[in-house]
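The values are calculated or read from the model by the stated rules, or taken from the named source; none is laboratory data. Just so you know, these numbers come straight off a predicted model, no measurement behind them. No Cβ is skipped: glycine too gets one built from the backbone with ideal geometry, and neighbour counts run over all protein chains shown. Keep in mind that these areas ignore ligands, DNA and RNA; they rest on the heavy atoms of the full protein, side chains included. Shrake-Rupley method; radii C 1.70, N 1.55, O 1.52, S 1.80 Å.
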Amino acid sequence: MHTLNVDLGARSYPIHIGAGLIDCAERIAPHLRTRKAAIVTNEVVGPLYLERLCTGLARAGIEAIPIILPDGETHKEWQTLNTIFDALLRGRCERSTTLIALGGGVVGDIAGFAAACYQRGMPFIQVPTTLLAQVDSSVGGKTAINHPQGKNMIGAFYQPRLVLADTATLATLPEREFSAGLAEVIKYGLIRDTGFFDWLEQNIDALRTLDAGALAWAIERSCRNKAEIVAADETEQGERALLNLGHTFGHAIETGLGYGQWLHGEAVAAGTMMAAELSRRLGWIGDGEIARIERLLKRAGLPTQGPALGAPRYLELMAYDKKVEAGKLRFVLLRGIGQAVMTGDVEMGDVSAAIEARCQ
Ligand code: NAD
Ligand code: GLY
């Protein structure tokens, strides 16, 4: 097992990464305020892993109340959130009861938001079971639900007390979902870690065959990057925005097509190519970098062209982006591989051209 720390003063917390951790409830127990927990999961992950988690917790003397949500991005909305509140009240959960999210980014985001709101905040633990959740969404405290007009529009920054990432759970993850997670892994290489990008070029095939060593290394390196950024800029006043490379375009794809049509990671991959293309038009990167990024995303099993919504529709959807300031869109772009910057200094004509160049 490897352990990293997210350094946030009194709210610091560990990320444990390793195979079989779901059976190690003794890792969870010290982070609970009382002997009671509610476990939010969904109808796909529940049958796979809930009993194992509950058995371990029972062994540690902890009563666990399961809350099973419907599966999928379409359910990351307020009605599902309300079913969590109903269940917490029905189970007589108190402010000191710990809420455990067991699942991918959808479960983690909605359960985290529920924890932030219930009785104005209850302790929260992440047990991520997708690659995307283990390398990104479970770390850093962004919690949210979607609004029909925008991804993750309603939410809160609310940090977990522990992240327990069992890498063995990835064995049951569908291949398409694993690839979606690789989009966020590649993102770290692109925004700030050239060495990691080089390593990914060498090891992407090993990752896709779930080579245990490669997987553990990629998850740890991703979490290390994320933990450093979150420690430096918890509420996204600056550097943290770089984690949104490809997301301005990607969120437009997800919202424009209807949630759940394209996976989040797929939309981020196509959005990353749009951001790269815009960077090329500004003269910041060249054809060589574009080719390297595209090749790696393709080898990861990801799309490199977005759906043909038309540039005007992309721009309409992107106007709701959370990085918009004083009505002006800001973009995370590349000055090289491993060197992302944020800028609002772009012509909308270039943005439209970059979108059109990267649409199917
Ligand atoms: P997801 O949560 O929908 O999980 C993908 C699918 O895999 C689901 O059907 C799920 O039930 C299933 N699943 C999960 N674990 C499994 C396992 N071990 N075996 C078999 N099936 C399993 O999708 P995701 O890619 O994990 O997360 C995407 C969400 O994360 C999006 O809503 C996105 O906005 C959010 N996100 C949040 C952050 C953040 O910082 N909070 C960062 C990135 C993405
Ligand atoms: N996934 C983007 C962030 O955590 O800031």
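See the values below:
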| read-out | value |
| --- | --- |
| Members of region 155-168 found to be more than 19 Å from residue 110 (Cβ to Cβ) and buried (at least 19 other Cβ atoms within 10 Å of the Cβ), listed by number | 166, 167 |
| Count of residues meeting criterion [more than 14 Å from ligand 1 (Cβ to nearest atom), assigned to a loop (DSSP other than H, G, I, E, B) and not acidic (Asp, Glu)] in region 74-108 | 6 |
| Unmet requirement for residue 317, which otherwise passes all of (1) in a helix (DSSP H, G or I); (2) out of contact with any Lys or Arg (no Cβ under 9 Å at 6 or more places or on another chain); (3) without any contact (Cβ under 8 Å) to a residue 60 or more places away in the chain; (4) within 16 Å of ligand 1 (Cβ to nearest atom) | (3) |
| Among residues of region 289-306, those that are over 23 Å from residue 255 (Cβ atoms), crowded, with 19+ Cβ neighbours inside 10 Å and of a type in the set (A, V, I, L, M), counted | 3 |
| Residue under evaluation residue 41, criteria (1) within 22 Å of the chain's Cα centre (by Cα); (2) assigned to a helix (DSSP H, G or I), criterion not met | (2) |
| Considering residues of region 236-253 that are more than 8 Å from ligand 2 (Cβ to nearest atom) and open to solvent by 20 Å² or more (accessible area, probe 1.4 Å) only, the residue nearest to residue 354 (Cα to Cα) | 251 |
| Residue in region 110-154 that is nearest to the chain's Cα centre (by Cα), counting only those that are open to solvent by 20 Å² or more (accessible area, probe 1.4 Å) and within 11 Å of ligand 2 (Cβ to nearest atom) | 137 |
| Subset tally (residues that are touching a His at 6+ places or on another chain (Cβ under 6 Å) and within 16 Å of ligand 2 (Cβ to nearest atom)) for region 216-235 | 0 |
| Within region 307-336, tally of residues that are open to solvent by 20 Å² or more (accessible area, probe 1.4 Å) and closer than 15 Å to residue 282 by Cα | 2 |
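Here is a yes/no grid of residues against (1) open to solvent by 30 Å² or more (accessible area, probe 1.4 Å); (2) within 11 Å of ligand 1 (Cβ to nearest atom); (3) outside any loop (DSSP other than H, G, I, E, B); (4) among the β-branched types (Val, Ile, Thr):
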| residue | (1), (2), (3), (4) |
| --- | --- |
| 171 | yes, yes, yes, no |
| 178 | no, yes, yes, no |
| 181 | no, yes, yes, no |
| 190 | no, no, yes, no |
| 207 | no, no, yes, no |
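Each row is one residue, and each column tells you yes or no for (1) away from ligand 1 (no atom under 13 Å from the Cβ); (2) part of a helix (DSSP H, G or I).
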position	(1), (2)
221	yes, yes
259	no, no
265	no, yes
284	yes, no
